[in-house]
Amino acid sequence: MLIDYQFLAEEYAKCYIDKSRVYMIQNYLKTYDATQKKEVPFKLFPRQQDLCITLGDASNVVTTKPRQAGITTTSGAFIACEMVLADKSSPQTVLAIGNTLDLAQQMLFKIRDFLLQFPLWMWGDEFMNSEYDITKPPENKNIIFDVCNGKEIKVKNGCKIVARSSGPDASRGVGGVTWLIFDEAAFIENGKDVYASALPTVSTGGHIIMISTPNGKDQLYYETSRKAKLKGSSEWNSFELIELKWFQDPRYNKFLEWYRKNSETNEIEIEKENYLDNEGNVEYSPEKWDKREKDGWKPRSPWYIKMCQQFNNDEQKIAQELDVSFLGSASNVVAPEYIEMQERLNVKDPNPNYKDPLSEDTWVWKMPIEGHRYILSIDCSRGDAADRTALEVIDMDAIDDNGMPCIEQVLEYHGKKTGDDIGEMAYHYGKMYGDAFIVVDAIGGTGDACLLTLMRLGYTNLYYDDPTLKTYTIQREASSLGVTSDGKLPGFHSSSVRFQMLTHFAHMVKTNAFKIRSKRVITELDTWIYKGDAGRIDHMDGCHDDTLTCLAMALFVMQFSLERLQKAKAADAAILNAWTTSNNIIPSNYNRNSISIQPNNVMPFYSNNNSYKNPYQTVIGDCMWLFAGKY
């Protein structure tokens, strides 16, 4: 057998010098093309080539991709090239982690199959004088593999691949990793913890590759992608981001066209690409396509329409599998369009002129306005490392920028204070906001210390659960808090209404009945989902919903209170008017339209059975509570 060794040396040099491995992949490898239903030469389309170039240059790479983009296959081909060219004195170790073992094994098998396609001469001098035809791939896998099974492959040049399912022990026993791969990273449960435990295995000069379709705003893949976009800032995480979209793939963009709704006529406008041939192939035009997207155009093709139909036109699946959208790719309680609406219309930076010198975690948008009613809610921390306390102040009588009445968030604390400290902070903010009506979540006793501090300081405008309201509240033993003589208990204790409370909040967000000002709330909304078969409302693993539950509790209590208030409003107003004129209860200098909200200016309260109540011991459900000047 005549062998041109000069040609082989030149070929090896071409493969070795090209750090992108594009030449090597396109000249020596084949892959299965689902659109042609056969194995074809591996010809990389432009964005796949960009990925290979980035893998050759960068230490850490994260990709955003649609389904069937061939990115896992391309990454596997690149790593196979690295393993073939590896020096025996510096072998490559690949650790593939998937959310299931089966997924990790798919990467292992892809790399294995590519390794078996390279001609024997590429594996070193030991095959040059052997009985094998070195111009062809090995006839038997055992020629180049010492170990080859579903969990591990060891190659004769010292390289190896290990496949593991995600978990705290995913990297156990594997060291000196040169390529750490997270496949479908967004779907790895507790991905942030899995990543942290695997990171120490990466050797100096090692690489990390993160591949996935989106699954909402998870803590690993989404956060890695988001921070990768911030290159040059203090938040950048050293990952290079490669974004791939379905219409960049020549297999899927045949007869590509763009559409959008005309904002004036509401008619659908369509712009077709210039087709290069009768098969509908189009010119690769990334700059033009980027501009179209920024101008509000959306792409579609016969392939895209067919795929949408296969997903039963499920918007969530389409967002996740095709559109590479982090928004809408999980079972969000509040749909992405409503979150975007709140962020666009209502979210504001805190007012830099209003700061609490004792807490950087407090954001203030508006200072108290005379005559307005405020409700202050607290969801106390359990005190562990991850949990935080949320404190929210809501203006129930706010006026928006258009002069219309609204309900808005005016102050937020989100930090590590617990117990007595948060009680003192609540006392301060409550007094500042006109003796705001304070609701403390006391389910499980987490708010007891806060409540006791407020009561010790003499704060009386507290929410008390009413045992007669069986529909919305429940009682528990809490003698330390001091049950009132009529059986009422300070704090919110009703876990039985959690679903109603949260869905009520979601409805107010969707209808813009409540104005969200805080970016922290928006961040939590992005990861607020339906979990499990029962559709339980909760946060994604590794995320939080402290501000959401705190706001939901305040708005639920407020809404329930106001509903009862409206029924009794006319009768109570008449009673108050009669008493003020006949008994001179209100001072003669009282101005109904403008009055400072101080304790001595709060109007007397009367329950539905006309018995006098301390205005600060306002109990939701059987009496009115209101500030002077409102009615």
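The values are calculated or read from the model by the stated rules, or taken from the named source; none is laboratory data. Note that the coordinates shown come from a computational prediction; the quantities given were computed from them, not determined experimentally. Methodologically, a virtual Cβ is constructed for each residue, glycine included, from the backbone with ideal geometry; neighbour enumeration extends over all protein chains shown. In case anyone asks, the SASA skips ligands and DNA or RNA and just uses the protein heavy atoms, side chains included. Shrake-Rupley method; radii C 1.70, N 1.55, O 1.52, S 1.80 Å.
Taken over the stretch 76-116, the convex hull of the Cα atoms encloses 59 Å³ per residue. Cross-link partners for Lys515 among the lysines, with Cα-Cα distance under 22 Å and sequence neighbours closer than 8 places in the same chain left out: Lys348, Lys355, Lys366, Lys630. Ordered from highest to lowest accessible area with the whole protein assembly present and a 1.4 Å probe, Leu29, Leu116 read as Leu116, Leu29. Working note: Karplus 6.51/-1.76/1.60 with θ = phi - 60° gives the stretch 406-419 the couplings 7, 10, 9, 7, 10, 8, 8, 10, 9, x, 9, 5, 9, x Hz, where Gly and Pro are set to x. Taking the protein heavy atoms of the stretch 164-258 in the context of the full set of protein chains, the accessible area attributed to carbon and sulfur is 49 percent at 1.4 Å. Amide H to amide H, with H built 1.01 Å from N, Ser494 comes under 5 Å of Ile474, counting only residues 5 or more places away or on other chains.
Heavy atoms of the protein chains alone define the surface here; on that basis the stretch 371-429 has 35 Å² accessible area per residue at 1.4 Å probe size. Which of rounded, prolate or oblate describes the stretch 314-415 when judged by the alpha-carbon gyration tensor and an a/c cut-off of 1.5? In terms of gyration-tensor shape, oblate. Rounded to whole numbers, the Karplus 3J(HN,Hα) couplings from phi for the stretch 541-555 are 4, x, 10, 9, 9, 4, 5, 5, 5, 5, 5, 4, 4, 4, 5 Hz, using 6.51 cos²θ - 1.76 cosθ + 1.60 with θ = phi - 60°, and x at Gly and Pro.
Using Cα positions and a limit of under 17 Å, work out the aspartates and glutamates in reach of Lys88, with same-chain residues fewer than 8 apart set aside. Qualifying aspartates and glutamates at Cα under 17 Å: Asp125, Glu126, Asp146. Highest mean first, the peptides 180-187, 430-437 sorted by other C-beta atoms within 10 Å per residue fall in the order 180-187, 430-437. Close amide H pairs (under 5 Å, H built 1.01 Å from N) link Leu322 with Arg67, residues at least 5 positions away or on another chain.
Is the stretch 1-78 best put as rounded, prolate or oblate by its Cα gyration tensor, with a ≥ b ≥ c the root eigenvalues, rounded for a/c under 1.5, and otherwise prolate when a/b is larger than b/c, oblate when not? Note, shape of the stretch 1-78 comes out oblate. Pairs exceeding a 26 Å alpha-carbon distance, out of Lys19/Lys154; Lys229/Lys417; Lys19/Lys229; Lys43/Lys156: Lys229/Lys417; Lys43/Lys156. Averaged over its residues, the stretch 64-128 has an accessible area of 31 Å² per residue, based on protein heavy atoms and a 1.4 Å probe.
By the rule of a C-alpha distance below 14 Å, with chain neighbours fewer than 8 residues away ignored, the aspartates and glutamates paired with Lys30 are Glu39, Asp113. Highest-first packing order for the peptide set 194-203, 33-42 is 194-203, 33-42, based on the mean count of other beta carbon atoms within 10 Å. Rolled with a 1.4 Å probe across the full set of protein chains, the surface gives Met128 an accessible area near 40 Å².
DSSP finds beta bridges in the stretch 40-195, and of those with both partners inside it, around 35 percent are antiparallel.
Taking every alpha-carbon pair under 8 Å whose residues sit at least 6 apart, the stretch 85-174 reaches a relative contact order of 42 percent. Give the carbon-plus-sulfur fraction of the accessible surface of the stretch 1-134 in %, rounded to a whole number; probe 1.4 Å, heavy atoms of protein chains only. Its accessible area is 49 percent carbon and sulfur atoms. Summary of packing: across the peptides 279-289, 447-457, the per-residue average of other C-beta atoms within 10 Å ranks them, highest first, as 447-457, 279-289. Residue ranking by accessible heavy-atom surface, 1.4 Å probe, largest first, among Arg164, Arg382, Arg292 comes out as Arg382, Arg164, Arg292.
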